[in-house]
1. Looking at 179, 204, 196 in this structure, which one is touching a Ser or Thr at 6+ places or on another chain (Cβ under 7 Å), of a type outside the set (Lys, Arg), crowded, with 21+ Cβ neighbours inside 10 Å and over 27 Å from residue 293 (Cα atoms)?
2. Which condition from (1) open to solvent by 10 Å² or more (accessible area, probe 1.4 Å); (2) more than 21 Å from the chain's Cα centre (by Cα); (3) closer than 22 Å to residue 478 by Cβ is the one that residue 409 breaks?
3. Could you tell me which of the residues 231, 224, 238 is within 24 Å of residue 301 (Cα to Cα), part of a strand (DSSP E or B) and either at pLDDT below 85 or open to solvent by 40 Å² or more (accessible area, probe 1.4 Å) (or both)?
4. Restricting the search to the stretch 425-465, which residues are within 13 Å of the chain's Cα centre (by Cα), more than 16 Å from residue 363 (Cβ to Cβ) and not in a helix (DSSP H, G or I)?
5. Name the residue that is modelled with the highest pLDDT, counting only residues in the stretch 109-138 that are of a type in the set (D, E, K, R) and surrounded by fewer than 19 Cβ atoms within 10 Å (Cβ to Cβ).
6. Select from the stretch 541-554 the residues that are open to solvent by 10 Å² or more (accessible area, probe 1.4 Å), within 13 Å of residue 517 (Cβ to Cβ) and not hydroxyl-bearing (Ser, Thr, Tyr) and list them in ascending order.
7. Considering the stretch 129-176 alone, what residues qualify as being touching a Pro at 6+ places or on another chain (Cβ under 8 Å) and assigned to a helix (DSSP H, G or I)?
8. Out of 305, 272, report the one residue that is assigned to a strand (DSSP E or B) and either open to solvent by less than 30 Å² (accessible area, probe 1.4 Å) or under 26 Å from residue 112 (Cβ atoms) (or both).
Amino acid sequence: MAAPLALLLAACPDSGETTTASTQATGDPTEGTGAGPGGDPTGAGPTGSATDGPTGAGPGGDPTTVDPTDGPTTSDPTTDGPDPGPIVEPGDPGSGDVTFTIRADTDRHPISPWIYGTNQYDDLATTNRGLGLVRQGGNRMTAYNWENNASNAGADYQHQNDDYLASQLGVDGDIPGEVVRAATAEALDAGADMLVTVPICGYVAADKDGGGDVNQTPITSRRASTRPSPARTARSTATPIRTTTPSTRTSSSPGCNPIPDAFYPERARVLFSLDNEPDLWSHTHERIHPDPVGYAELVDKNAEFAAAIKDVAANAIVAGFVSYGYGGYTTLQDAPDAQGEFISYYLQAMAEAEAQEGHRIVDVLDLHWYTEVYANGQRITGDDNSPESVEARVQAPRSLWDDSFHEDSWIANDVLQGPVRLIPWLKERIDAHYPGTGLGFTEYNYGGGGHISGAIAQADVLGIFGREGVTMAAYWALTDQTSMIWAAFRAFTSYDGQGSKFGDTSISAVTSDVAATSVYASTDVADPARTVIVAINKTAGPLTAAVTLAAYADYPSVAVWQLTGPQPELTAGPAVSPTATNAFLYEMPAYSVSVLVPQ
């Protein structure tokens with residue numbers, strides 16, 4: 001079972017040398033766009049799938065002693081760090097088109113570095129430096145067999161068993177678990193933590209023979225069963241069993257590779273998600289799960305496999321149930337035993353599982369979110385950059401939080417008949433049924449990856465995730481147009497190209513016009529006087545922002561970096577001089593993302 005966990009703790013290349021994965025994503029190029037309502041648009045077209053830290057104290061540890069909503073940091077910005085001293089109140093900046101009001105002493109909370117995550121990744125140490133999380137997920141991982149690195153493409157490509165994952169990563173597929181181990185080592189080496197997918201569907205690929213649909217031969221010879229361990233399974237063993245008892249640190253070979261050490265900070269740097277989009281198994285993987293998954297079945301699988309992971313790595317974060325979209329959130333895509341809203345049912349069941357186990361087993365509610373907004377006759381997750389799509393795209397992130405924004409989608413128009421307000425809606429269910437559970441969006445996309453509108457939406461989403469206390473997130477590329485997406489990431493992870501980043505603590509930042517602009521601000525626990533602001537202009541014309549900043553320093557100047565397109569680069573702009581104490585006017589270029597750093 002907990003195959004990825006066992007292999008990370010114990011498996012080593014036969015030579016004793018560390019094998020490094022290439023930076024190629026481990027995705028299936030047959031995964032693409034086109035899915036049903038509320039769904040993952042990674043269905044049948046030609047795009048890639050996913051491949052898919054901090055140090056701490058002592059081995060092991062109960063993850064329930066650290067709030068999973070805080071991500072890998074345990075710092076409390078309201079009490080930790082040096083005494084910031086008195087707040088410096090701002091003066092009058094003068095009049096502008098919009099006002100930004102920022103206060104470093106209000107709404108302070110940690111920002112999880114896991115929100116800066118990706119599924120497809122490249123250049124982690126250079127162009128994309130500073131990312132906090134890499135996810136190895138996607139449809140291929142549902143039937144991934146760690147013992148031989150085989151996987152099944154499912155509906156994405158003829159339901160074929162093959163060695164696609166190893167070949168795409170450029171690793172030796174004859175080494176058990178190398179697809180996961182090598183990718184994990186590379187992510188950790190670059191400073192990112194790794195979210196690994198644990199197959200829980202029930203069967204994995206038994207061979208790498210290719211040749212099209214596994215249904216052409218007796219299916220029992222082409223699939224292998226999975227289970228957590230002999231002590232934790234009630235599943236049938238009528239088909240060939242390929243299982244492993246989870247290893248412990250004492251059973252691994254010392255010095256074989258650096259992966260075991262990732263489990264020995266206060267919180268493990270390898271995280272686990274419970275499979276991928278189970279609400280679509282009967283479509284994506286009908287050869288191994290032909291019937292729609294039910295409420296009881298999925299809850300049982302999540303509880304069983306999550307408990308097995310925690311048996312081995314008590315300090316590892318576990319995320320479930322990894323839904324594909326809104327139809328999964330509400331009815332598990334019309335599950336045969338549906339009884340009420342599934343997310344509420346799931347959270348309540350995981351709370352009951354914790355009571356039975358004596359400790360938390362699922363730490364994060366893990367969901368996928370591909371906006372259902374259409375413009376100019378097509379979904380905005382694509383590369384259409386018509387004026388209609390641009391306007392819809394830059395506004396779409398408001399549905400993550402804004403109770404005054406009514407998007408044009410079937411979810412808002414037909415189901416809710418009002419605003420989506422996704423994050424508050426989800427947090428209400430967490431608070432009601434399983435308080436303390438983190439929230440993750442491990443696949444999402446707003447389109448326009450080669451256009452400034454895509455950068456604006458992406459930067460807005462990252463700012464929202466930090467402000468709203470999301471635990472983890474991972475962007476999923478749907479096309480090869482991604483340059484503007486990575487530029488938007490760099491506004492938070494390396495705005496100067498040298499690793500300078502947005503702070504680790506969110507503070508209050510309010511705009512007077514949420515339709516035209518967004519603003520986010522941060523400080524650092526270790527340096528409360530350091531303030532970083534991200535300001536976004538969503539309009540086709542320049543806007544002057546009148547900025548006031550109540551901060552723990554008096555700043556004589558403000559450094560500026562700007563992303564305006566068409567080039568996907570943040571460039572340094574002229575410094576801004578305050579018009580009064582901690583107050584200044586800043587002219588935002590049309591359709592732009594700006595990073596402002598008072599100094």
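The values are calculated or read from the model by the stated rules, or taken from the named source; none is laboratory data. Quick caveat, the model's predicted, so the values are computed rather than measured. Methodologically, a virtual Cβ is constructed for each residue, glycine included, from the backbone with ideal geometry; neighbour enumeration extends over all protein chains shown. Remember, those area values only see protein heavy atoms, side chains included, never the ligands or the DNA or RNA. Shrake-Rupley method; radii C 1.70, N 1.55, O 1.52, S 1.80 Å.
1. Numbers: 204 fails: over 27 Å from residue 293 (Cα atoms); 196 fails: over 27 Å from residue 293 (Cα atoms).
So the residue among 179, 204, 196 that is touching a Ser or Thr at 6+ places or on another chain (Cβ under 7 Å), of a type outside the set (Lys, Arg), crowded, with 21+ Cβ neighbours inside 10 Å and over 27 Å from residue 293 (Cα atoms) is 179.
2. Tallying (1) open to solvent by 10 Å² or more (accessible area, probe 1.4 Å); (2) more than 21 Å from the chain's Cα centre (by Cα); (3) closer than 22 Å to residue 478 by Cβ, residue 409 fails exactly one: (1).
3. 224
4. If the condition is that a residue be within 13 Å of the chain's Cα centre (by Cα), more than 16 Å from residue 363 (Cβ to Cβ) and not in a helix (DSSP H, G or I), then 443, 444, 445 are the ones that fit.
5. Step one: filter the stretch 109-138 for residues of a type in the set (D, E, K, R), giving 122-123, 129, 135.
Going one step further and asking which of them are surrounded by fewer than 19 Cβ atoms within 10 Å (Cβ to Cβ), we end up with 122-123.
Working: 122: 80, 123: 84.
For the stretch 109-138, the residue satisfying everything is 123.
6. Correct list: 541, 542, 543.
7. 141, 142, 143
8. It is 272.
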